[in-house]
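Let me begin by presenting the structure, written as structure tokens, before commenting on it.
FYI, it's all coordinate maths here, none of it is from the lab. All of these numbers come straight from a predicted model, not from anything done at the bench. Note that we place each Cβ from the backbone using ideal geometry, even for glycine, and neighbour counts take in every protein chain shown.
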Amino acid sequence: MKTKLFLTAAALATLPVAAMAEVELSFYSGIQESPHAKVTGYDPDNLVSQDLSFTAGWEGKSFEMPPYYGLRATWWRSENWGWGVEYTHSKVYANAETLNDNGYSRLELTDGMNIATLNATYRMPNQWGAVTPYAGAGVGFAVPHVDVQATGSATHTWEYQLTGPAMRLYAGAKYDLNADWALFGEYQFSYSQHEIELDNGGNMATDIITNAINIGVSYSF
């Protein structure tokens, strides 16, 4: 009798673990753009003005190499709530007008703004048949590849830097193809702060917002 009670208790104890064991891996790409943003700082090589204060027009160029993409891993702790990690390779280029008017030949974060966050996600499984809506948020940091060079300067800042905090918000819906695979579409917003150190002793600061429409595939196990 004691043996049966022990085995029953052990089986019941494993049920929550099994229910919470779902891991979902997601990959996406899509279209990402960024609105204009204020740039401030000091650049001793800038021939227009060493004291920087201008508004940069950014271009996302999502499909140019390296393309825009993201990776997300979610550990579902219950039917509705999960936590996870996410990495997004987005980018911004200063447009031609910004470069010409403000004394730069290069001003971009283009081997990725490389935003990494710890996320919390809420879902409503099979709310519309095979479709599961979800929404989430994350906080983390940005490690962009900085590519900055003033016009006529021999100094070219071209390196990865940890530039500041970042956050993201996202909402979308997933369509189940089978028990393991699904397709999803979502809107994602991100905000990142960038305190950039220039190789000539100067500095540059800007806050960048991205708006993205993502299409992706996920695998659960």
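What is the chain's relative contact order, in percent, from Cα pairs under 8 angstrom and six or more apart in sequence? Here the relative contact order equals 21 percent.
Take the alpha carbon gyration tensor of the chain, find the square roots of its eigenvalues, order them as a ≥ b ≥ c, and report rounded if a/c is under 1.5; if not, report prolate when a/b exceeds b/c, else oblate.
Numbers: a/c = 3.71, a/b = 2.53, b/c = 1.46.
Prolate is the answer for the chain, as a/c is 1.5 or above and a/b outweighs b/c.
Ala137 to Ala120: extension gain in nm, 0.36 nm per residue of separation minus the Cα-Cα distance?
Length gained between Ala137 and Ala120: 5.6 nm.
Think of the chain as having a plus end and a minus end, set by charges on the Cβ of Lys, Arg, Asp and Glu; of Thr210, Ala179, Ser153, Ala179 sits farthest toward the positive end of this dipole. Relative to the longest principal axis of the Cα atoms of the chain, the long axis of helix 2-19 lies at roughly 30 degrees. Over what distance in Å are the Cα centres of the range 75-103 and the range 133-197 separated? Here the two parts' Cα centres lie 2 Å apart.
Checking a compactness column here: for the range 167-221, what do you get for Rg(Cα) / (2.2 N^0.38 Å), N being the number of residues?
Values: Rg = 17.8 Å, N = 55, 2.2 N^0.38 = 10.1 Å.
So the range 167-221 has a normalised radius of gyration of 1.76.
Ranking Leu169, Trp83, Asn119 by how far each Cα lies toward the positive end of the dipole of the chain (charges on Cβ) leaves Trp83 at the top.
Quickly work out the Phe27-to-His156 label distance, labels modelled 7 Å from Cα along the C-beta direction, and quote it in nm with one decimal. Between His156 and Phe27, the simple spin-label model gives 3.2 nm. Quick check for you: which residues of the range 197-218 have the amide N under 15 Å from the point 7 Å beyond the Cα of Tyr175 toward its beta carbon? Residues passing the 15 Å test: 214-218. In order along the range 61-69, the Karplus-derived 3J(HN,Hα) couplings, from 6.51 cos²θ - 1.76 cosθ + 1.60 at θ = phi - 60°, round to 6, 4, 9, 7, 5, x, x, 6, 7 Hz, and Gly and Pro are given as x. Relative to the Cα centre, the charge distribution of the range 121-191, modelled as +1 at Lys and Arg Cβ and -1 at Asp and Glu Cβ, gives a dipole magnitude of about 220 debye. In the chain, taking the dipole from charged Cβ atoms about the Cα centre, the farthest positive-side position among Gln193, Tyr42, Phe221 is held by Phe221. For the range 82-130, with equal point scatterers placed on the C-alpha atoms only and solvent neglected, what are the log10 I(q)/I(0) values from the Debye formula at q = 0.28 1/Å, to two decimals? Evaluating at q = 0.28 Å⁻¹ gives log10 I(q)/I(0) of -0.97. Taking the Cα centre of the chain as origin and assigning +1 to Lys and Arg Cβ atoms and -1 to Asp and Glu Cβ atoms, the resulting dipole is close to 1340 debye. With no solvent and one point on each alpha carbon, what is the Debye value of log10 I(q)/I(0) for the range 26-113 at q = 0.12 Å⁻¹? Here log10 of I(q) over I(0) equals -0.51.
Extension gain for Tyr187 to Lys38 (0.36 nm times residue separation, less C-alpha to C-alpha distance): 51.2 nm.
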